[in-house]
Amino acid sequence: MAEITKPLAWWKTMAVYQIWPRSFFDGNGDGIGDLWGVLQKLDYIKSLGVDAIWFSPLYPTPNADYGYDIADYRGIAEDYGTLELFQKVLAEAHDRGLKVIMDLVINHTSDEHEWFQKSKDVNSPYHDYYYWRKGNGKKPPNNWKSVFEGSAWVRAEETGEYYLHIFAKKQPDLNMSNPKVREEVKDVMRFWLEMGVDGFREDVITYIAKDEGLPNGIPLPVGAGLEHYTSRPAVKDYLREFRDDVLRRYDAFTVGEAPMMTPKLAKKYITEGGDQLLNLMFHFQHMEADCFLTDFIPTRFHLKKLKKALGTWQREMRGVAWNALYLENHDHPRIISRYGSEKYRVESGKTLAAMYLLQSGTPFIYQGQEIGMTNIRMSSMDQFKDVLTFNSQKLYAMFGIKGDRYLRIANRCSRENARTPMQWNNAPNGGFSEADPWFRVNPNYTEINAEDAEADPNSLLHWYRALLKFRKDNPLILLGDYKEYYKNSRNLYVYERAHEGKKLLVICSFSEKPQRVSAPDGWDFAQAVQVFGNYAKPAAQTNRFTTQPYECRVYAG
Ligand code: GLC
Ligand code: CA
């Protein structure tokens, strides 16, 4: 195939592997994943054909939100190692040609961060680092509700004032309108960039500006006030300042996490040339094909919703901005359990992988996704650990949904499904640790693990490798047009990519039941080359066929 003619920025041609460190690999035998473990698995990561690692937070933390509550932006949590060890991981990753992306959580800190401790003194310059406000009589300053824990305000005994927390109580929001806070953020960025890291994934970045005066929001049981802190105009000013003062001096990469993001709004942040504020944006629209706004309000899976979200972003960003492609991360249940089928685990896992990896953009793969890990089934609520799972339990209880009924919901919807230890082999604890792991290992590790997948040429693991290699060899995946067929089908996702006379047709069935497919205009399957298929190749290629469960075929022409 043709060489990529126009040189693309490095972050456009990369694929990223996300590590959620606590559950990746335990290298020092205390039951908790760590950087010693990462060091041992760098060759494995490299072998996937990815180009970068994104680390979910590694910093010191009391773990109220498993690292997304940072107590020190310039350190490494003892559980994970030391700063020296991190530097070794960084150097070894770089030696292997892997970039390293850090998670930057600046909407909030931990309440155990020194700044917050000092901010409780009303006379300290740190007081204005956070949103401290006097109450409204006996009530909090406004009606905002946290997305994790009740009211968005906690009253501190020390001062009688309230502090704002959009997330957990132990995650006070930083006051980004204070220029001193922005200087601190820039210093933190410089600290890691000087050390050699290659960029940042910026946590809930569209929340970092709050409307002046913190006005009351539309009363909602959860997230009230969000219209006053989501994508407010000042976010762009802050991002511009970070870009101009720091990021562009290092050629640093950025991907912003943005709940409720739409293509139209995203273009204001990621349109190329001119005033581009972020390289990529993680939107959530394609993660809502089996739920209503949040994973915790589940619905039936609608393939048409998925196609619409993915297709819209493919079309809207074309020639304007660059897509971030993902199906899993540490905040969502496993994709096979959601959009695929545990019964047809490998088949549907392959279909899902081809579906998103053959689209234009920068792909992200979450640990365990490449071996097809699935949701866990907990037998009681005390097996869960996450603040969000328990907050949802309280909200459901308000509607009378309790006990086993809520347990079923938690099993389906909790992001903890993505946080069970990585399944490396069929030794006890899935080979994750020799000690008792900090969190339950999915008992299916005896069948689903990296070692067995390595040994099986038809495994999902090898499929991921082949797809990632295929992306590298075929510029049409990054640069080609995108066109859908069978748009109204509830079971088939069929799209074509075309670039400089080359074409690719991706056919994905999302059903157990046979689906009839016929070659679209301009395609002759007898002439085309079938480059991928998750079932044995047909003896003779015909222009009509009936799919097997979750069948995927990719033709090149
Ligand atoms: C982001 C993170 C999530 C965290 C939240 C609060 O959504 O991905 O894990 O709980 O922000 O920091
Ligand atoms: Ca450990």
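The values are calculated or read from the model by the stated rules, or taken from the named source; none is laboratory data. Please read these numbers as outputs of a predicted model, since none were measured by experiment. Every residue, glycine as well, gets a Cβ built from its backbone with ideal geometry; the counts of neighbours run over all protein chains shown.
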Would you confirm whether or not segment 13-26 contains a residue that is modelled with pLDDT under 95, acidic (Asp, Glu) and either touching a helix residue (DSSP H, G or I) at 6+ places or on another chain (Cβ under 7 Å) or not assigned by TED's automatic domain parsing to the domain that holds Glu92 (or both)?
no
Single residue of segment 6-33 satisfying the filter (without any contact (Cβ under 8 Å) to a residue 40 or more places away in the chain and away from ligand 2 (no atom under 11 Å from the Cβ)) that is surrounded by the most Cβ atoms within 10 Å (Cβ to Cβ):
Pro7
Can you pull out the residues in segment 410-432 that are surrounded by 21 or more Cβ atoms within 10 Å (Cβ to Cβ) and part of a loop (DSSP other than H, G, I, E, B)?
Ser414, Arg419, Thr420, Pro421, Met422, Gln423, Trp424, Phe432
Can you give me the number of residues within segment 198-226 that are crowded, with 24+ Cβ neighbours inside 10 Å and either assigned by TED's automatic domain parsing to the domain that holds Ser146 or part of a helix (DSSP H, G or I) (or both)?
3
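Considering only segment 9-59, how many residues are in a loop (DSSP other than H, G, I, E, B) and of a type outside the set (Phe, Trp, Tyr)?
Residues in segment 9-59 being in a loop (DSSP other than H, G, I, E, B) and of a type outside the set (Phe, Trp, Tyr): 19 in total.
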Could you list, ordered by first residue, the pairs with Cβ atoms under 8 Å in which the first is in segment 179-196 and touching a residue at least 12 places away in the same chain (Cβ under 8 Å) and the second is among the basic types (Lys, Arg) and not in a helix (DSSP H, G or I), at least 6 apart or interchain?
Val188/Arg74; Phe191/Arg74
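Evaluate the following for Asp72: is it touching a strand residue (DSSP E or B) at 6+ places or on another chain (Cβ under 7 Å), surrounded by fewer than 22 Cβ atoms within 10 Å (Cβ to Cβ) and charged (D, E, K, R)?
In short, no.
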Being surrounded by fewer than 18 Cβ atoms within 10 Å (Cβ to Cβ), part of a strand (DSSP E or B) and at pLDDT 95 or above narrows Ala498, Ala536, Ala435 down to just Ala498
Does any residue in segment 98-120 that is closer than 23 Å to Ala156 by Cα and in contact (Cβ under 8 Å) with a residue 12 or more places away in the chain come within less than 6 Å, Cβ to Cβ, of a residue that is away from ligand 1 (no atom under 14 Å from the Cβ) and in a helix (DSSP H, G or I) six or more places away or on a different chain, and which pairs are these?
Ile106/Val185; Thr109/Phe116; Trp115/Tyr126; Trp115/Tyr129; Ser119/Tyr126; Ser119/His127; Ser119/Tyr129
Name the pairs whose Cβ atoms lie under 6 Å apart, with the first residue in segment 248-264 and touching a residue at least 24 places away in the same chain (Cβ under 8 Å), the second away from ligand 1 (no atom under 16 Å from the Cβ) and in a strand (DSSP E or B), and 6 or more positions between them or separate chains?
Ala252/Gly199; Phe253/Gly199; Thr254/Gly199
Selection status of Phe86, within 16 Å of ligand 2 (Cβ to nearest atom), on the phi < 0 side of the Ramachandran plot and not aliphatic (A, V, I, L, M):
yes
Return the residues of segment 505-533 that are of a type in the set (A, V, I, L, M) and surrounded by 12 or more Cβ atoms within 10 Å (Cβ to Cβ); say none if nothing qualifies.
Leu505, Val506, Ile507, Val517, Ala519, Ala528, Val531
Condition check: over 28 Å from Pro259 (Cα atoms), polar (S, T, N, Q) and either modelled with pLDDT under 95 or in contact with a strand residue (DSSP E or B) (Cβ under 7 Å, 6 or more places away or on another chain) (or both). Does Asn123 satisfy that?
no
Just for segment 167-195: of the residues that are touching a His at 6+ places or on another chain (Cβ under 7 Å) and part of a loop (DSSP other than H, G, I, E, B), which one is nearest to ligand 2 (Cβ to nearest atom)?
Gln171
Which numbered condition Thr389 fails, given (1) more than 23 Å from Pro475 (Cα to Cα); (2) of a type in the set (S, T, N, Q); (3) part of a loop (DSSP other than H, G, I, E, B)
(3)
Looking at Ile106, Ile101, can you tell me which residue is within 16 Å of ligand 1 (Cβ to nearest atom), under 21 Å from the mean Cα position of the chain (by Cα) and part of a strand (DSSP E or B)?
Ile101
Among the residues that make up segment 365-372, is at least one of them acidic (Asp, Glu), modelled with pLDDT of 95 or more and either outside the structural domain of Phe439 (by TED's automatic domain parsing) or part of a helix (DSSP H, G or I) (or both)?
yes
If a residue has to be crowded, with 19+ Cβ neighbours inside 10 Å and assigned to a helix (DSSP H, G or I) to count, how many in segment 445-470 make the cut?
10
Quick check on Gly81: is it farther than 17 Å from Gln18 by Cα and part of a loop (DSSP other than H, G, I, E, B)?
yes
